[in-house]
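Q: Once you've had a glance at the structure underneath, I'll fire off some questions.
The values are calculated or read from the model by the stated rules, or taken from the named source; none is laboratory data. What you are looking at is a predicted structure, and each value in this text was computed from that prediction instead of being measured. Here Cβ is always computed from backbone atoms with ideal geometry, including for glycine, and neighbour counts include all displayed protein chains. Areas reflect the complete protein model, heavy atoms only, side chains present, ligands, DNA and RNA absent. Shrake-Rupley method; radii C 1.70, N 1.55, O 1.52, S 1.80 Å.
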Amino acid sequence: MASMTFDGIGKTFPDGTVAVANVSFSVADGEFVVLVGPSGCGKSTLLRMAAGLETLNSGRLLMDDADVTETEPQDRDIAMVFQNYALYPHMSVYDNMAFGLQQRKMPKDKIDKLVRDAAEMLDLTRYLERKPGALSGGQRQRVAMGRAIVRHPMAFLMDEPLSNLDAKLRVQMRGELKLLNQRLGVTTLYVTHDQVEAMTMGDRVAVLKPVFNGQESNLQQIDTPQMLYDKPTNLFVAGFIGSPAMNFVRVELTAEAGSLKAAVTGTKISFSIPAKATLSAYAGRQVIVGIRPEMFQVCPESEALFNEQVPVAEALGADTFVFFDIASPPVNINDAEDTEDFPNKGKNRLVARIPPALTPRPNQLLPLTVDLEKLHWFDPVTGTAIRD
Amino acid sequence: MSRRHTSFNTALTYAAGLLFLAIFVGPILWFIALAIRPAETAFTMPPQLTFEPNLDAFRHILVDPGTNAPQLVNSLIVAIGAVLLNLPFSVPAAYALSRFKLRGKKNIMLWYLGLLMAPPVAFLIPYFILITRIGLQGSYFSMILVLQTLTIPFSVWLMKSFIDEVPVELEEAARVDGARWYTIMLRITLPIVRPGIIVTSMFAFVFAWNNAAFPLVLSSRSTATLPIGTLGYFATSGVTWNYIAAAAVLAMIPPMIIFLVFDRYVVRGLTFGSVKG
Ligand SMILES: Nc1ncnc2c1ncn2[C@@H]1O[C@H](COP(=O)(O)OP(=O)(O)OP(=O)(O)O)[C@@H](O)[C@H]1O
Ligand SMILES: [Mg+2]
């Protein structure tokens, strides 16, 4: 077991693609860190660099304070679970698990004990003599896990190990993996593009974003799931974490005596909040407000902040998601806007989570208010969160 | 309407099938007939359809080669030798060309292709001189060696396409598991491409077996292969058609056996079950 430190890691492929740039973070001994982000944000590349399968263009990689940047994968003592499992097709389940131990010149009886223990733990004992081709997807996934845990490595690297499983099995394996990690206490770096998986499994979650040049960094924020949810550092993280995603609304801020007035761009909707130091600096400008779906509350019409027709309602049983449009320009969270010339037209679709009993009939007006204390505020140019 | 249409289609299919059969199997049957009929009835006009079959020609080729060497055995020695010498070079070469970052990789592959395309006749004289200089003329080894100029390029091309099919992740998994490249090659990649090795061996064998040009200049009387022996029957005391036919029929048998035995490897998927299915 070991800690792992990424120190200013960068990777540019020979064809000029910048896959990873300026990524720095540490994984503590025994910690479970999840890398999450949209497709192409460099998750796999980062993991492959940790494994030694990809060279670094810049930065250093430390394991337990030892520099392993130049170390061959064979000598790193890490185990990796590949997205497609990469089981050896010509070997039995037993040999698949034993292969790594044989490379370490371990005596036969010790290998046998380790393989059988791991098989026991993963409920694979019955399949030890089978070839991977004769296993179901979930069983193959467990063999891939078994091949990793049997070695008792310093760290696990897992690249979307659950993505090939059906929804039910995925939820089940999610729980088993987490339990396994707690039982073995092995440092784990886990890649997924599924934010639910990230939130439920990670001790900490690192949110990554694709980069286009070496000046930026893929790493947007690394924190506990709750902190990511409550205090996202910028628009990208705020929009990525949470399902359905956070609503973003453009407002024009003006200073009034002791308070700030926010008028939703393009509409007559406005509200006031107590003046705050940092936010007051934005008076006279446009800012972006973030509203989580659950921050909306159905209220009497007289207290409503939004009162719009609801064309779509999705009843999920425990909750209902209602969608409605306001006549305000939408916010694109993927690119920070490098212009002061903000749009003031367009349609912005918002989503609110309400109790099922209050589900409106189609196209009925639904009066909603928002807990103003909990609003998230973002700089429209940089996308950074504005906090006091 | 549709019923008649279908039966018409069926009839057409059978007619086409019979035509193909006549084209491909006809000559073989005719040769077999030629081998077992009395030599003097070979080309009588009109063709003589009834005759007393005899195995004299086969007996002559197999048991009583007279002044001729046991050509069937020679052919086997040369073809098997060519396969055995071929594999230890072509398999690692194909592995390297498939997996390693090599400069001029493309050029090497094209050069191999060029060797295959060039007519072997063009090289006959140089090879003859070369082999004579190093004192190998007339030996089995000279033929086995020179055949490599054909079998190695061909095998490398074929093997490389098999190795290309093996997902790189398997080797990466093995690296992470702690295996060095030679272990990976011997314990992961080669076992997985075993069907490919068998198929490649088959083709190399048939290549060598069918080759007549090299033995023509490189063999001696005692090392002559089957094609050379067959040619010999044209020269001595008139054309002995039944001997030629018997030799040709015998020459077809080993490749046929090989394809029948290893047929399943040609079609079998290589990496079934290694990655998610
Ligand atoms: N060998 C390569 N050569 C060139 N570019 C590459 C190579 N491998 C990956 N890339 C690029 O690097 C970027 C990051 O790729 P990576 O596979 O790490 O993304 P990812 O986050 O794992 O995406 P996904 O969720 O789709 O698996 C992508 O733009 C990809 O096209
Ligand atoms: Mg990936």
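Q: Does region A:26-57 hold any residues that are crowded, with 17+ Cβ neighbours inside 10 Å, away from ligand 1 (no atom under 11 Å from the Cβ) and more than 14 Å from chain B (Cβ to nearest Cβ), and which are they?
A: A:27, A:30, A:31, A:32, A:33, A:34, A:56
Q: Where the second residue is among the polar types (S, T, N, Q) and open to solvent by 30 Å² or more (accessible area, probe 1.4 Å) and the first is not assigned by TED's automatic domain parsing to the domain that holds residue B:101 and part of a loop (DSSP other than H, G, I, E, B) and lies in region B:178-193, which pairs have Cβ atoms under 7 Å and are six or more apart or on separate chains?
A: Pairs that qualify, where the first residue is not assigned by TED's automatic domain parsing to the domain that holds residue B:101 and part of a loop (DSSP other than H, G, I, E, B) and the partner is among the polar types (S, T, N, Q) and open to solvent by 30 Å² or more (accessible area, probe 1.4 Å): there are none.
Q: Among the residues of region A:70-100 satisfying the criterion of being closer than 17 Å to residue A:122 by Cα and open to solvent by 20 Å² or more (accessible area, probe 1.4 Å), which is farthest from ligand 1 (Cβ to nearest atom)?
A: A:94
Q: Considering each of B:113, B:84 in turn, give the residue that is at pLDDT 90 or above, surrounded by fewer than 19 Cβ atoms within 10 Å (Cβ to Cβ), in the same structural domain as residue B:212 (by TED's automatic domain parsing) and not β-branched (Val, Ile, Thr).
A: The conditions single out B:84.
Q: For residue A:192, state whether it is within 16 Å of ligand 1 (Cβ to nearest atom) and surrounded by 23 or more Cβ atoms within 10 Å (Cβ to Cβ).
A: Taking the combined requirement at face value, the residue satisfies it.
Q: Between a residue in region A:40-51 that is under 15 Å from residue A:155 (Cα atoms) and any residue that is open to solvent by 10 Å² or more (accessible area, probe 1.4 Å) and near ligand 2 (Cβ under 8 Å from one of its atoms), which pairs come within a Cβ distance under 7 Å, given they are 6 or more apart or on different chains?
A: Once the first residue is under 15 Å from residue A:155 (Cα atoms) and sits in region A:40-51, its partners that are open to solvent by 10 Å² or more (accessible area, probe 1.4 Å) and near ligand 2 (Cβ under 8 Å from one of its atoms) give A:47/A:159.
Q: What helices (runs of 4 or more DSSP H), lying completely within region B:105-176, carry at least 1 residues that are away from chain A (no Cβ under 14 Å) and touching a strand residue (DSSP E or B) at 6+ places or on another chain (Cβ under 7 Å)?
A: Result: B:140-164.
Q: Quick test of your reading of the structure: residue B:205 fulfils all but one of (1) over 14 Å from the mean Cα position of the chain (by Cα); (2) touching a residue at least 24 places away in the same chain (Cβ under 8 Å); (3) away from chain A (no Cβ under 14 Å). Name the failing condition by number.
A: That leaves (1) as the condition not met.
Q: Something else now. With the requirement that a residue be open to solvent by 40 Å² or more (accessible area, probe 1.4 Å), out of contact with any helix residue (DSSP H, G or I) (no Cβ under 6 Å at 6 or more places or on another chain) and within 14 Å of chain B (Cβ to nearest Cβ), what does region A:105-153 give you?
A: A:105, A:106, A:131, A:134, A:136, A:142, A:152
Q: Further, regarding this structure: Every residue in region A:1-13 that is more than 8 Å from ligand 1 (Cβ to nearest atom), in a loop (DSSP other than H, G, I, E, B) and open to solvent by 10 Å² or more (accessible area, probe 1.4 Å), please.
A: A:1, A:3
Q: Follow-up question, since we're still on this one. Just give me the residues in region B:68-80 being in a helix (DSSP H, G or I) and either open to solvent by 50 Å² or more (accessible area, probe 1.4 Å) or at pLDDT 95 or above (or both), in sequence order.
A: B:73, B:76, B:77, B:80 - these are the residues of region B:68-80 that are in a helix (DSSP H, G or I) and either open to solvent by 50 Å² or more (accessible area, probe 1.4 Å) or at pLDDT 95 or above (or both).
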